[in-house]
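A.B. asks: Please read through the structure below; I'll follow up with questions.
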Amino acid sequence: MLMSLLVPTIALSDSSVAVMSVDLGSEWMKVAIVKPGVPMEIALNKESRRKTPIAVCLKENERLFGDSALGSVKNPKFVYRHLQSLLGKKHDNPQVAVYQKRFPEHHLVTDESRGTVLFSNSEEMQYSPEELLGMVLNYSRGLAQDFAEQPIKDAVITVPVFFNQAERRAVLQAAQMAGVKVLQLINDNTAVALNYGVFRRKDINSTAQNIMFYDMGSGSTTATIVTYQTVKTEESGSQPQLQIRGVGFDRSLGGFEMELRLQDHLAKLFNEQKKTKKDVRENHRAMAKLLKEAQRLKTVLSANAEFMAQVEGLLDDMDFKAKVTRVEFETLCADLFERVPGPVQDALSSAEMSLDEIEQVILVGGSTRVPKVQEVLLKAVGKEELGKNLNADEAAAMGAVYQAAALSKAFKVQPFLVREATVFPIQVEFTSEMEEDGSRILKHNKHILFQRMAPYPQSKVFTFNHTDDFAFNINYGDLSFLGQEDLSVFGSLNLTTVQLSGVGSSFQKHTDAEYKGINASFNMNESGVLLLDRDEKVHPESVKAQEEAAPQEEKQEPGEEQQQQEVAPTHEKTEGGKLFDRLIDRGLSPGYLQIHCNNVCFLPVRLQDLTDRDLKKQEREKTLNSLEAFLFDTQDKMYQEEYQAVVLEEEKENILAKLSQVSTWMDEDGYSASTKELREKLQSLRNLCKAMFFRVEERRKWPGHLATLESKLNRSSFFLSSKLVPEDDRIFTDVELKTLEKVINETSTWKNNTVAEQEKSSPTERPVLLSKDIESKWALLDREVNYLLNKPKAAKPKAAKPKAAKPKAAKPNNNSTTESKELPIKEPTGQNTDSLSQSQPTDKTTRTGTSVIGTVSAIETTFLRV
């Protein structure tokens, strides 16, 4: 990976050169953009905030996002949030039960086709977490496009470092539904480390610096050990590099769990006040209000020792008010604070380092602002202080948008090497037959593909020595470093099962050929997603034949006791033999959680239908607002002096009556009317008032337009009357000068006559003097004068007569009648609507005696200065 400070370069033919990043947290998202002229910036949302809640509100006729969605506390069952914890999870996953407990207002059912979960409000309203996340990503793209003021499709999206293959693929599926092209899924801890390193390039040298980033967000906590140092590369010489050395995490330790504890505490306090006989915990709407207050309470208690929590009309119109102290908060979350050092120890263990080797521990994530978290962490790491020199909320988004610029072809970046690390080992498993003591026995084989903390992206090639049909599994490796709770929510340990058929029959057909085995290539790409490359080499002869025999969906895998290779897949040829006839039956296990092809095609259409519905709703609201604004504005104008001056009493009464009629209709039926009806009402009012508005607008333009026309007449006359050259050496012909004189006279006559005629007309009649006619008159003047003004500048100098002796060069002076020297034509220094000058040719014209160029330039300068 390459990364750096951005240097925008020439864009490709594609006009859309902006790219974006989405820091996809469990509760919040931050969107950043890069475009020419804007190196990096966080995109503001519609509320002008720098971060947006990951929330979707879906009703039958309405879809809201972010803060607007969370504002719908009246219907919490239609508000979907904290979707990250459900991605890539089967319905029987313990994490699904935890989610259901936290959000009892939602009804979760099993998706029979995939075994995952669906939010179900009715048979028509069932949405998967991927669909809802796809809506969020589409909304984030809209925010980025509004901020960048141009279309954006390419994005880098952050994911938690502990996301496994199923979870990563779920995010990619959501992005596909949203029409977002994912350049890369980048681990959020890597994005943070990149952001830190890019701005400190000068501090990175050949000496390794080990930094720990401690990131506690809303839903999880991660500790990451990163080594920074410069390394030598063949392509670019010495370059800075970051390497992920160790990772520790706690999937459920975060600020949201603290807020849930506070929510439960507030519910208990309200019930104890006995303002109503009902239990507040049984009311979803009331609990949503308490959760919102708990979020505010956690933030305030980070800076204050106590705070008065209060919610108006919590239940049965009863208000709630209670004091909560920081001590109470810390007591409620005591077991959570005890888990703070856990990720630190896990990161050190995976990196095989000690705390003495860590130079600095830097805080990331909003929940690290909780004082008790900092207190416990500082004691655990044994440092004098914790680093707070990163923007805890935006570091990941900014690091990810750097990577987006690096991956985009529209920008140049200075190299910054990144070495990612595999968190969960992956291995291939298969069964083979072998002889032992004269009998054939089955042997179960395991080979590691990607070890824990192995760098990626990289490829592995394995060789199978089977001569008959066989199958093998791709599984996660040793996960004993995970706790029991993490293992229970991890999901299936099997990634995929591959069945190869037709191997035996092909082998029998080509027994005379040299057998080299069946190779399979595995690729862990930049997004941390395992791909099964179809680069298998069997019984070689023709690479072309091999590729033609491999369907796109087919992938084969590694194996047997052959040595594994960390190299890019390559084909090899040997003499003799033919390619095995292959048929691969690959059954994807639930671990991949692939959406069936027909559903993948259907879901974007379904999401587009929702988007179209939103656009129609926005169009109706826009038309409704326009109609309301027209009514209020026009009713007010009818009593303004400039409008009363141009309208007859009968016309005024007719307009006021129509406005009153539509206002009454609005109160009775307008707010439930269709967009078409609203648009027709608005258009009828505009047609009725069009003549009146036209008369007012023309009268407003007259003073400025007439002044401009008079100014151009004066300047044109000045140009015409100037004695530019002696009569015997004139550049302009009599026809040209007479043409200009004619245009000046006709324009002046037209102005005087039309103004006089307009003064005789009634203000309530259509104006005789029109602004568009004035503009056409001064345009004609400009054209004629510019033609003459540019003529001497384009003229070629006459051939000089031979002289007996070369005279000495005259000293320059300001007298235009002395011998002239060659004068350069200056390019216009600015634009002026009153200027008669046009872009000037670069030719230079030299004349003896009077300087034509000097005189014309002086006139032009006068025009520009006026």
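A.B. asks: If packing is taken as the mean number of other Cβ atoms within 10 Å per residue, what is the order of 231-238, 265-272, highest first? Please report the intermediate quantities before stating the final value.
C.D. replies: Numbers: 231-238: 9.9, 265-272: 18.2.
Descending mean neighbour count gives 265-272, 231-238.
A.B. asks: Measuring from label point to label point, each 7 Å out along Cα→Cβ, what is the residue 722 to residue 335 span in nm?
C.D. replies: Taking the simple label geometry, residue 722 and residue 335 are separated by 9.2 nm.
A.B. asks: So, one more: Each residue of the stretch 697-713 in order: what ³J(HN,Hα) in whole Hz does its phi give by Karplus 6.51 cos²θ - 1.76 cosθ + 1.60, θ = phi - 60°, with x for Gly and Pro?
C.D. replies: 5, 5, 5, 5, 7, 3, x, x, 5, 5, 5, 5, 5, 5, 4, 6, 4
A.B. asks: Can you tell me how much longer the chain between residue 487 and residue 229 gets when fully stretched, taken as 0.36 nm per residue apart minus their C-alpha distance, in nm with one decimal?
C.D. replies: Full extension of this stretch gives 89.4 nm more.
A.B. asks: Can I ask one more? So for the pair residue 68, residue 509, with labels modelled 7 Å out along Cα→Cβ, what separation do we get in nm?
C.D. replies: 6.1 nm
A.B. asks: Using 1/(1 + (r/R0)^6) with R0 = 45 angstrom and r between the beta carbons of residue 739 and residue 684, what's the FRET efficiency to the nearest 0.05?
C.D. replies: Efficiency, rounded to the nearest 0.05: 0.35.
A.B. asks: Could you state the number of Å between the C-alpha centres of the stretch 171-209 and the stretch 26-90?
C.D. replies: Using only Cα atoms, the two centres lie 21 Å from each other.
A.B. asks: Once fully extended, how much extra length lies between residue 755 and residue 149, figured as 0.36 nm per residue of separation less the alpha-carbon to alpha-carbon distance? Walk me through the intermediate numbers first.
C.D. replies: Numbers: separation 606, 0.36 × 606 = 218.16 nm, distance 4.47 nm.
Separation in residues times 0.36 nm, less the Cα-Cα distance, equals 213.7 nm.
A.B. asks: Out of the trypsin sites (Lys or Arg not before Pro) in the stretch 351-439, which ones are loop residues according to DSSP with at most 10 other C-beta atoms within 10 Å?
C.D. replies: Sparse-neighbourhood loop trypsin sites (Lys or Arg not before Pro): none present.
A.B. asks: Further, regarding this structure: Take each of the peptides 26-32, 160-166, average the number of other beta-carbon atoms within 10 Å over its residues, and list them starting from the highest. Please report the intermediate quantities before stating the final value.
C.D. replies: Details: 26-32: 23.7, 160-166: 21.4.
Highest mean packing first, the order is 26-32, 160-166.
A.B. asks: Ranked highest first by the average count of other Cβ atoms within 10 Å around their residues, in what order do 734-746, 169-181 fall?
C.D. replies: Highest to lowest by the protection proxy: 169-181, 734-746.
A.B. asks: Compute and list, largest first, the equivalent-ellipsoid semi-axes of the stretch 255-338 from the alpha carbon gyration tensor, each √(5λ) rounded to a whole angstrom.
C.D. replies: Equivalent-ellipsoid dimensions as semi-axes: 22, 13, 11 Å.
A.B. asks: For the pair residue 661 and residue 710, what calculated FRET efficiency results from E = 1/(1 + (r/R0)^6), where r is the Cβ-Cβ distance and R0 = 41 Å, to the nearest 0.05?
C.D. replies: The calculated FRET efficiency here is 0.35.
A.B. asks: Can you flag which of 77/289; 46/622; 90/298; 637/681; 388/412; 181/292 are past 25 Å Cα-Cα?
C.D. replies: 90/298; 388/412; 181/292
A.B. asks: Going by amide H atoms built from the backbone, whose H comes under 5 Å of the H on residue 245, apart from near neighbours?
C.D. replies: Amide H neighbours of residue 245, under 5 Å, 5+ apart: 225, 226, 227.
A.B. asks: Under a crude label model (7 Å from the Cα following the beta-carbon direction), how far is residue 359 from residue 468 in nanometres?
C.D. replies: 6.0 nm
A.B. asks: Distance check, please: which entries in 232/460; 202/383; 35/409 exceed 21 angstrom between their Cα atoms?
C.D. replies: 232/460; 202/383
A.B. asks: Explain nothing, just the number: dipole magnitude of the stretch 255-338 about its Cα centre with +1 on each Lys and Arg Cβ and -1 on each Asp and Glu Cβ, in debye rounded to the nearest 20.
C.D. replies: The calculation lands at about 280 debye.
A.B. asks: Of the chymotrypsin sites (Phe, Trp or Tyr not before Pro) in the stretch 610-648, which ones lie in a loop per DSSP and count no more than 15 other C-beta atoms within 10 Å?
C.D. replies: Numbers: sites: 630, 632, 639, 643; in loops: 639.
Answer in residue order: 639.
A.B. asks: Explain nothing, just the number: dipole magnitude of the stretch 217-290 about its Cα centre with +1 on each Lys and Arg Cβ and -1 on each Asp and Glu Cβ, in debye rounded to the nearest 20.
C.D. replies: Details: 12 positive and 9 negative charges, 136 e Å.
Charge dipole, the stretch 217-290, about its Cα centre: 660 debye, nearest 20.
Just so you know, all these numbers are worked out from the coordinates, no wet-lab data involved. The shown structure was predicted, so the numbers you read here are calculated from the model rather than taken from an experiment. Every residue, glycine among them, receives a Cβ derived from its backbone with ideal geometry; neighbour counts consider all protein chains shown.
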